[in-house]
Amino acid sequence: MTEWAKAVAHPNIALAKYWGKLARPGNYPAVPSLSVTLAGLATTTAVRFRDDLAADLFTLDGARPRDASRVVELLSRVREMSGERRFAEVVSANDFPTASGLASSASGFAALAFAATRAAGLDWGESRVSDLARQSSASAARSVFGGFVELTVNADSAAIVAPPDRLDLRVVVAVTSEDAKGTGSTDGMRRTAEKSPFYAAWLEEAPKSYARLRAALLAKDFGAVGELAEASALAMHASAIAAGTVYFAPATLAALHAVRVLRSKGVAVFATIDAGPHLKALALGDADAATVKAHLLTTPGVLRVIDARPGEGARVGEA
Ligand code: PMV
């Protein structure tokens, strides 16, 4: 039995969204994306290879998920590359709702890629770990790094665009459900590519809006970053909705409305939404974040809010 190897990783929120995959094998995104890795939420994962196992054993938040195939796939890649033959025990825990569009797959596969390679004796740097994580979940490639991070089309690994302090960003997550989401992102993307009349427009537009957002971030122009981020999320959802894939709950729209009302009153706040019902509000500094938080907490259907801000990438060790 090997020693436990532990790693911690944080979710990230895409400001310029990834939605859709290239036709080539290997899980490469069809559009470039730019995200912010969040302090305040964490996945911790421990891995050890054991002599006495007949299959990989995966525990998430104290339970054994019915479908562990993506975890087994990552472990099999690690076995191929390391010469490790044994099966592994994996124990993972999130301190936020799992599989509900809070990017648990991003932090989950980033932490797993770090912990599994270390447990197998592979002393890989961040780029190789990011490449391995990307093959399981493209957004996980970004969670390996801290601050503002991009994953470009055909790149194996994500890369840092700017450190966490580039903007004094606050992310207020309006939690609207504690349940697992209905349609996983891979299925949602496949359906969008197959059925959405707007998918071609999305593929055309997303790279341009990513480039504008990247430039606005480097210029520290929060107003432009926020506007572009909200537009990216709405364009992504418009393309998915046209294929029949709706991630919004009533509370998602109520929270979006609340953000827009606040903005009309002069507060610089913008919204983004991933493949789940939660809304993430983007604001600058503590005072605006407190205003946004108070409004979201009184919005019908919002269960609670989580405060997050730009943070560090994944690392070996514990939270
Ligand atoms: O990497 P996945 O399969 O978890 O897909 C992520 C998709 C979005 O979260 C909606 C957008 C993104 O870029 O993170």
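Filtered by the rule that a residue be more than 15 Å from Asp168 (Cβ to Cβ) and within 22 Å of the chain's Cα centre (by Cα), segment 262-280 gives Ala271, Thr272, Ile273, Asp274, Ala275, Gly276, Pro277, His278, Leu279, Lys280. Pairing each residue of segment 185-198 that is in contact (Cβ under 8 Å) with a residue 60 or more places away in the chain and among the small types (Gly, Ala, Ser) with any residue that is part of a helix (DSSP H, G or I) and more than 13 Å from the ligand (Cβ to nearest atom), provided the two are 6+ apart or on different chains, yields C-beta distances under 6 Å for Ala193/Tyr199.
Looking across segment 99-125, the residues that are surrounded by 20 or more Cβ atoms within 10 Å (Cβ to Cβ) and more than 11 Å from the ligand (Cβ to nearest atom) come down to Ser100, Ala111, Leu112, Ala113, Phe114, Ala115, Ala116, Thr117, Arg118, Ala119, Ala120. Under the condition of being under 15 Å from Ala281 (Cα atoms) and in contact with a Ser or Thr (Cβ under 8 Å, 6 or more places away or on another chain), which residue from segment 18-40 is nearest to the ligand (Cβ to nearest atom)? Applying the filter and picking the extreme gives Ser35. Annotation for segment 57-64: no member residue is within 16 Å of the ligand (Cβ to nearest atom), under 30 Å from Ala16 (Cα atoms) and assigned to a helix (DSSP H, G or I).
Name the residues in segment 59-104 that are of a type in the set (Asp, Glu), modelled with pLDDT under 95 and more than 21 Å from Leu41 (Cα to Cα), would you? Within segment 59-104, just Asp67 meets the criteria. Just one of the listed residues (Ser136, Ser157) is surrounded by fewer than 24 Cβ atoms within 10 Å (Cβ to Cβ), within 13 Å of the ligand (Cβ to nearest atom) and closer than 24 Å to Ala30 by Cβ, and it is Ser136. Output the number of the condition that Arg191 fails; it satisfies all remaining conditions of (1) modelled with pLDDT of 95 or more; (2) within 17 Å of the chain's Cα centre (by Cα); (3) more than 13 Å from the ligand (Cβ to nearest atom). All conditions pass for Arg191, except number (2).
The values are calculated or read from the model by the stated rules, or taken from the named source; none is laboratory data. Keep in mind it's a predicted model, so treat the numbers as computed, not measured. All Cβ positions, even for glycine, are placed from backbone atoms using ideal geometry, and neighbour counts span all protein chains on display.
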